[in-house]
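Written out below as structure tokens is the structure these notes cover.
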Amino acid sequence: MTEPATGFVRTEMLDPLAPPERAGGPLVWLRANLFSSWLNAILTVISLYVVWRVLATVVPWAANGIWDATSLSNCREIRDELYGPGVPGACWAVIHDRWRQLLFGFYPKALYWRPILALAIFVVTVLPFLVPALPRRLMWMAPVAPFAIFWLLWGGSVWTPVLAMAGLAVIWGVWSSVGDRHGAFAGWVAGIVALVVIFLPVGRAFDAVLGTGETWLDALFPLAGNIGALLERALPASIQSVITREFGGFELSFIIGVAGIILSLPLGILLALGRQSHLLVVRVLSVSFIEIIRGVPLIVWLFTASLLLNYFLPPGTNFDLMLRVIIMVTIFAGAYLAEVIRGGLAALPKGQYEAADALGLDYWKSMRLIILPQALKISIPGIVNTFIAMFKDTTLVMFVGLLDPLGLSNSIRADQSWNGIYWELFLFIGALFFVVCFGMSRYSMYLEHRLARDRR
Amino acid sequence: MTDTATADTAPLMQVSDEIAIEIEAMNKWYGNFHVLRDINLTVRRGERIVICGPSGSGKSTLIRCINRLEEHQSGRITVDGTELSSDIKNIDRIRSEVGMVFQHFNLFPHLTILENCTLAPIWVRGVPRREAEETAMQFLEKVRIPEQSQKYPGQLSGGQQQRVAIARALCMKPRIMLFDEPTSALDPEMIKEVLDTMIELAEEGMTMLCVTHEMGFAQAVANRVIFMDQGQIVEENEPREFFSNPQSERTKLFLSQILDH
Ligand SMILES: Nc1ncnc2c1ncn2[C@@H]1O[C@H](COP(=O)(O)OP(=O)(O)O)[C@@H](O)[C@H]1O
Ligand SMILES: [Mg+2]
């Protein structure tokens, strides 16, 4: 190579230098972030004014709040006495008076410990799944916890959940042993056949002879239900039962929301996989299911659940309204999740599927080990978004006669003493929902951050 | 081109009479596009074949047919005595016997290097985790990156990732290895480290089919070089003859294009 006339050769390499000092201090920060231009300055001033107006109205109203009163008029009298007539002041006394109802509905007061214990079991069970730093060993609770929680909430004979668990264990055994030998698909078929063939007819036969079936769980697992009834006669072990009509308040929203969240995720995953299956029937079924469920408002599905299902179910089955609502909410959220997860699946490079195939992994293994972990990670914001929307949508159940917090606020107002009180109740209910939804949102951010390790 | 190896370092590697891959009158179409036309190829155990040819000539499609990442429409492909049919069991067996290395590595970004290597042995072969990890470490040592085993693929350089991809394929103890342009996504300074690994593998007698334009590599290890164009095998010869005395005009043109720079 010949040296060009304007050639240059570096004789010494440069050492790295520290970046230039950045001027600091609050004034500099204000200047840079709030008053960097005329437009920015005007927006800042307007925003500050709006914030100030809102706070100036709300803060004194909330701070002047009366906590001890027997009714709304009583509240007003006390307020006028304290601050003079016409001064705004909240009447928090309604919360003080009715918080138990807003939280637990008409659940028997003496049994409040049961939902609280159930909540504790729930938290202890899910924590090891949410926080990987906790020991894996704690996960053993997961298969038992749903049954324990169910029993604590609804009460009745301990044999019902124990046998339901035994029934599921049998199905799981069939599924896994057949699945190991003849592939996952055969396992699913055998499991479902076991469920239908063994449990329904045998259970119905029991029912016909003994007439023992009574709860909705008996309808779902008649065999377990009937053996349970026999065991209960031989070896009584029950706690006081609570019927669904007595459930209400935030407890009800929480049960429906959490059950819906936990059940809708697997449904959404299966639908998303079904939608991109190479089997035409599976694909068409998944697409139709998703489109039909998504295309109709949730409230319509809830009415369907509360009214129409009665026509389809065998006469005499007392299929619990709350269970029906949970199923509907699950299906509805599942359809939305399927679309969110499909986005995640589509975002994966084709090379990931090919590498998994080339190593000889079968479909379910490559989905479980390679594709879904990555697709779900991409979909986290959308998944949590769906969960939050679904959790708030549980307030719609008041239209089918379940007493969620909003439904209860109506019935509280129906009481003479609290007629005409709105804001205080709505704020309290809103705060309850906000805490849960904000918690979910923060958790999803933590999760994204934790999973960001495999930056590409 | 790299100066990885020259023809005179070509090791004395044994080729047995046993047939590893047999392709007979194979055709493939993408829609109406006839991408592979009447392919006939026999690969013996221990043979190392380099496939080259212009972009779009069907090289990737050909080797992807061998492990059924692509399906052929007519003709027969027999791998290790098993004919490729639509029987899922056969396909999964062949895939676990045939290792593949891709142009873009395709490591699993959510798993550590070690997990990338142990995944298939554990879940496909049912090897106990401890044993799979020991094997994986052996192969990671072989490709000279055992110290990276706890990192994630995104933390490694391209050359290191490709060597992990080779180790990952080797952990399945495959009898045949397919390489699809393993060095063409790499910076020049990383090509050598990957080629060295591949040369070592060849010296151990692995049956290899390698799509590459690294002619130094071809001269060092290949028994045969295959030139493809427009979905057909145009020329096939042992490397020295292939490079010094190409027969067809297409081959001459292609060689002049890749060698003259
Ligand atoms: N999935 C596909 N669908 C349709 N055409 C394809 C597909 N994959 C590859 N092709 C076409 O087939 C031809 C051969 O592709 P490929 O085997 O990748 O070539 P090479 O690896 O030799 O560059 C190209 O013309 C390409 O455009
Ligand atoms: Mg290619």
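Structure data summary
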item: C-alpha center-to-center spacing [region B:30-77, region A:388-454] in angstrom; result: 60
item: Cβ-isolated cysteines (cut-off 4.7 Å), chain A; result: A:C437
item: Whole-Hz ³J(HN,Hα) from phi, Karplus 6.51 cos²θ - 1.76 cosθ + 1.60, for region A:390-396, glycine and proline x; result: 5, 4, 6, 5, 4, 5, 5
item: Burial ranking of peptide ranges A:39-46, A:152-159, A:298-305 (average Cβ count within 10 Å, highest at the top); result: A:152-159, A:298-305, A:39-46
item: Point-charge dipole on Cβ atoms (K/R +1, D/E -1) for chain B, about Cα centre, debye to 20; result: 680
item: Interchain or long-range residues, amide H under 5 Å from B:C210's placed H; result: B:I49, B:V50, B:I51, B:F179
item: Segments B:42-51, B:111-120 sorted - mean Cβ within 10 Å per residue, highest first; result: B:111-120, B:42-51
item: Two-site FRET efficiency, A:R450 against A:L30, from Cβ-Cβ distance with R₀ of 35 Å, rounded to 0.05; result: 0.55
item: Neighbourhood charge, 11 Å Cβ-Cβ cut-off, centred on B:E181 and excluding it, Lys, Arg +1 and Asp, Glu -1; result: -1
item: Surface/4 of the Cα convex hull for region B:80-167, nm²; result: 6.5
item: Solvent-accessible heavy-atom area per residue, rounded to whole Å², over the protein assembly as shown at 1.4 Å; result: 52
item: Cα-based Kirkwood hydrodynamic radius, the protein assembly as shown, one decimal, Å; result: 31.7
item: Average silhouette area of chain B, convex hull of alpha-carbon atoms, in square nanometres; result: 14.1
item: Calculated from backbone phi, Karplus (6.51, -1.76, 1.60) coupling profile of region B:17-31 in Hz, x at Gly/Pro; result: 7, 4, 8, 8, 9, 10, 10, 10, 6, 8, 10, 9, 10, 9, x
item: Sequence of A:K392, B:K252, B:K89 when ordered by accessible area, the most exposed leading, probe 1.4 angstrom; result: B:K89, A:K392, B:K252
item: Value of [θ]222 nm, deg cm²/dmol, for the protein assembly as shown, DSSP H segments ≥ 4, -39500 (n - 2.57) each, nearest 500; result: -17500 deg cm²/dmol
item: Cβ-based net charge around A:Y107, under 12 Å, with every Lys or Arg adding one and every Asp or Glu removing one; result: +2
item: Principal axis dimensions, largest first and in whole angstrom, of region A:1-141 by Cα; result: 98, 57, 22
item: Nonlocal amide H pairs with B:V234, under 5 Å, H built at 1.01 Å; result: B:F227, B:M228, B:D229
item: Shielding by partners, peptide B:100-109 (average Cβ within 10 angstrom, other chains); result: 5
item: Peptide A:359-371 - average C-beta neighbours from other chains (10 Å radius); result: 6
item: Theoretical FRET efficiency, 1/(1+(r/R0)^6), r = Cβ-Cβ of A:E12 and B:R130, R0 41 Å, to 0.05; result: 0.15
item: Dipole magnitude of the protein assembly as shown about its Cα centre (Cβ charges: Lys, Arg +1; Asp, Glu -1), debye to nearest 20; result: 2000
item: Rounded Å value of the spacing that divides the Cα centres of region A:258-288 and region A:115-190; result: 22
item: Under Karplus coefficients 6.51, -1.76 and 1.60, residue-wise ³J(HN,Hα) of region B:73-90 in Hz, glycine/proline x; result: 9, 8, x, 10, 10, 10, 10, 6, x, 9, 7, 6, 10, 7, 5, 4, 4, 4
item: Most to least packed among A:422-431, B:213-222, A:142-151 [average Cβ atoms within 10 Å]; result: B:213-222, A:142-151, A:422-431
item: Cβ-derived FRET efficiency at R0 45 Å, A:K350 paired with A:R137, nearest 0.05; result: 0.70
item: Residues whose placed amide H lies under 5 Å from that of B:I176, excluding near-sequence neighbours; result: B:G99
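The values are calculated or read from the model by the stated rules, or taken from the named source; none is laboratory data. Only a predicted model underlies this, so the values are computations on that prediction, with no experimental measurement involved. Neighbour counts are summed over all protein chains in view; Cβ atoms, including those assigned to glycine, are modelled from backbone coordinates with ideal geometry. Ligands, DNA and RNA are stripped out before the accessible areas are found, and what is left, the full protein with its side chains, is counted by its heavy atoms. Shrake-Rupley method; radii C 1.70, N 1.55, O 1.52, S 1.80 Å.
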